[in-house]
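The next block holds one structure in the form of structure tokens; read it before the comments.
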Amino acid sequence: MAYTANASSPATAIAGTVETVAITSNSLTPAGGAATAMSGPYQGYCIRGMANVSAGTSATTLVWRIRQGTGITGAIVASGTQVSIAADAYNIPVFALDQAALPQSQYALTITQPANTGGGLINYAYLETDIASP
């Protein structure tokens with residue numbers, strides 16, 4: 001089984017309501033290479049991790065997304081919302097299974113504070129990726 005993990009440091013500022021990359025995963029290539037990834041026992045990529053976020057002073061929700069690629073423009077693989085927050089630090093666990101037809105091997109975990117007028121901080125984040133197979 002192929003596996004890769006990445007942890008972030010130092011902290012990353014969240015500017016208002018802007019979607020911000022907390023961390024990107026390392027690249028992962030299935031045995032046999034990306035061209036043959038969809039044959040055999042390959043089921044997709046399992047992506048899991050967490051982010052510790054200090055919410056902005058006026059934030060009421062935090063939204064996380066796992067995106068294909070290394071930025072905020074890649075296809076969304078999974079997303080979720082942490083509701084009823086206050087200006088405090090939150091651990092946000094994330095999990096996704098990407099069964100996209102084209103082998104995608106790098107992912108970004110992003111954080112957004114939709115109703116925030118102040119700052120916020122991604123204190124640290126962790127993201128790991130491995131190949132899901134039976």
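The values are calculated or read from the model by the stated rules, or taken from the named source; none is laboratory data. Bear in mind the structure is a predicted one, so any value in this text is a computation, not a measurement. As a convention, Cβ positions derive from the backbone with ideal geometry for all residues, glycine included, and neighbour counts pool all protein chains shown.
Testing residue 116 on (1) closer than 13 Å to residue 45 by Cβ; (2) out of contact with any strand residue (DSSP E or B) (no Cβ under 6 Å at 6 or more places or on another chain); (3) surrounded by 21 or more Cβ atoms within 10 Å (Cβ to Cβ), one condition comes back false. Which one is that?
It is condition (1) that residue 116 fails.
I need the full set of residues from the stretch 9-35 which are at pLDDT below 70 and either part of a loop (DSSP other than H, G, I, E, B) or in contact with a helix residue (DSSP H, G or I) (Cβ under 7 Å, 6 or more places away or on another chain) (or both), in order please. Write out each step before concluding.
As a first pass, look at the stretch 9-35 and keep what is at pLDDT below 70: 9, 29-35.
Within the stretch 9-35, 9, 29, 30, 31, 32, 33 qualify.
Given the criterion closer than 16 Å to residue 11 by Cβ and touching a residue at least 24 places away in the same chain (Cβ under 8 Å), identify the matching residue among 111, 72. It would help to see each step written out before you state the result.
On the way: 72 fails: closer than 16 Å to residue 11 by Cβ.
Every option except 111 fails the conditions.
Residues of the stretch 56-96 being farther than 16 Å from residue 127 by Cβ and of a type outside the set (A, V, I, L, M, F, W, C), which ones?
Within the stretch 56-96, the subset farther than 16 Å from residue 127 by Cβ is 56-63, 73, 75, 81-90.
Correct list: 56, 57, 58, 60, 61, 73, 81, 82, 84, 88, 90.
How many of the residues in the stretch 69-89 are buried (at least 16 other Cβ atoms within 10 Å of the Cβ) and outside any loop (DSSP other than H, G, I, E, B)?
Selection size over the stretch 69-89: 3.
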